[in-house]
1. Report the residue count in segment 58-93 for those that are over 22 Å from E36 (Cα atoms) and at pLDDT 95 or above.
2. Being open to solvent by 30 Å² or more (accessible area, probe 1.4 Å), in contact (Cβ under 8 Å) with a residue 24 or more places away in the chain and either more than 18 Å from K86 (Cβ to Cβ) or part of a helix (DSSP H, G or I) (or both) narrows it down to one of E32, E68, E47, so name that one.
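The values are calculated or read from the model by the stated rules, or taken from the named source; none is laboratory data. For clarity, every value in this text was computed on a predicted model and none was experimentally measured. Because the Cβ atoms are built from the backbone with ideal geometry, glycine has one as well, and the counts that use them run over all protein chains shown. Ligands, DNA and RNA are excluded from the accessible area calculation, which covers all protein heavy atoms including side chains. Shrake-Rupley method; radii C 1.70, N 1.55, O 1.52, S 1.80 Å.
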Amino acid sequence: MYNKLYITKSKVYYTFMGKTKLTLDIQNSIGELRAEHQLTQQQLADEIGVTRVTVHAIENGNYNPSLELAFKIALFFKTDLNRVFKVRNKGKL
């Protein structure tokens, strides 16, 4: 059997030997941060070099950004990555 990694709607599943071992529930506070900085989705998108649709998808948990994009978002807001993205571990490796 193969080890697999599934990513669906802000949840990451890792399987080993056909059994799910780890589930990560990834949430973000981008909408809150935008509101604090009085930014629209389009303004944030322009600043970090993505489309408004991408920002919308990330905010709604329909898309997990790359590590590079996650850091760009955190750096733009001058905050820690853990302030922008929160991960809940549901299981053990």
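1. Of the residues in that region, 1 qualify.
2. Going through E32, E68, E47 in turn, just one is open to solvent by 30 Å² or more (accessible area, probe 1.4 Å), in contact (Cβ under 8 Å) with a residue 24 or more places away in the chain and either more than 18 Å from K86 (Cβ to Cβ) or part of a helix (DSSP H, G or I) (or both): E47.
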